[in-house]
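Structure record follows, encoded as structure tokens.
Readers should treat all values here as calculations from the given coordinates under stated rules, not as data from a laboratory. Source: prediction; values computed, not measured. Note that we place each Cβ from the backbone using ideal geometry, even for glycine, and neighbour counts take in every protein chain shown.
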Amino acid sequence: MPRTIIGLDISEDAVAVVQVKSLMQGYQIINCTAVPITTADGIKGALRAVCEEIDSKGSACNSIIEDGHVSFRNLSMPFTDLKKIRQTLGFELETIMASSVDKYLVDFIDVDRSDSQTEIIAASVNRNYIAEHLANFESLGVEPEILDVRNLPLANQLLMQQDCPENGMLLCLSSKKC
């Protein structure tokens, strides 16, 4: 049986969802909808409404977090062992962050490695924000397997295209901000 995945995007004014089926040759969109967030029902009401419109039973769930809540840093670490980088990253970030690194979930990817150092991109997001985001799903019995950052999947998809220019700009506009 093909695997289905739902992607949930909670923005300031709506909850959007797309459901795809994983096929051997790629993904097929099988359903999508968006529900406005009203003052009366809030985010949880809009989430409940989209889950009622799309049969989410048995589907893997991915969710998007607001890009404005994530901080990215380019860092050069003086070693190449990823375990050492993970152990020391908090100390490195502590010197450049406005508040204690303990308040943040931190992860990184290595983008370049030489014999003696590793260039990384570190991302940090407030733990309370993540807890609040995940709490929205609890009453629905849905637990996101992946939390991604708004617009990064789109940017990654564009970068993988064969005719993608070396330099460019991705501009994402919404009804309230860009």
TODO: For ASP110, put the label point 7 Å out on the Cα→Cβ axis and report which residues of the stretch 59-88 keep their amide N under 12 Å from it.
DONE: 77-86
- [ ] Using +1 at the Cβ of each Lys and Arg and -1 at the Cβ of each Asp and Glu in the chain, identify which of SER100, VAL111, ILE10 lies farthest towards the dipole's positive end.
- [x] ILE10
Open item on the list: Helix-only mean residue ellipticity at 222 nm, the chain, DSSP H runs n ≥ 4 weighted -39,500 (n - 2.57), per residue, nearest 500. What is it?
Closed with: -7500 deg cm²/dmol
Open item on the list: For the stretch 25-92 and the stretch 100-178, what is the centre-to-centre distance using only Cα atoms, to the nearest Å?
Closed with: 8 Å
TODO: Would you please give the FRET efficiency between LYS103 and GLU145, computed as 1/(1 + (r/R0)^6) with r the Cβ-Cβ distance and R0 = 30 Å, to the nearest 0.05?
DONE: 0.80
- [ ] Just subtract the alpha-carbon distance of LEU158 and ARG127 from 0.36 nm times their residue separation and send over the number in nm, one decimal.
- [x] 8.2 nm
Open item on the list: I want to check the label-to-label distance for LYS44 and PHE72. Put each point 7 Å from Cα in the C-beta direction and report it in nm to one decimal.
Closed with: 3.4 nm
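Membrane-span-like helices in the chain: DSSP H runs reaching 24 Å or more (Cα, own axis), mean Kyte hydropathy at least -1.0?
The answer is none, since no helix passes both cut-offs.
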TODO: Over the alpha-carbon set of the chain, work out the extent along each principal axis and list the three values in angstrom, largest first.
DONE: 53, 40, 35
Open item on the list: Quick check on the stretch 26-104: what are the equivalent-ellipsoid semi-axes from the Cα gyration tensor, as sqrt(5λ), descending, whole Å?
Closed with: 39, 19, 11
TODO: Take the Cα coordinates of the stretch 67-126, assign each an equal point scatterer, and use the Debye formula without solvent to give log10 I(q)/I(0) at q = 0.14, 0.20, 0.23 Å⁻¹.
DONE: -0.36, -0.70, -0.90
- [ ] Quote the charge dipole size of the chain about the Cα centre in Debye, to the nearest 20; the model charges only the Cβ of Lys and Arg (+1) and of Asp and Glu (-1).
- [x] 200 debye
Open item on the list: Which residue, CYS32, PRO153, ASN126, has the largest displacement toward the positive end of the dipole of the chain when charges sit on each Cβ (Lys, Arg +1; Asp, Glu -1)?
Closed with: CYS32
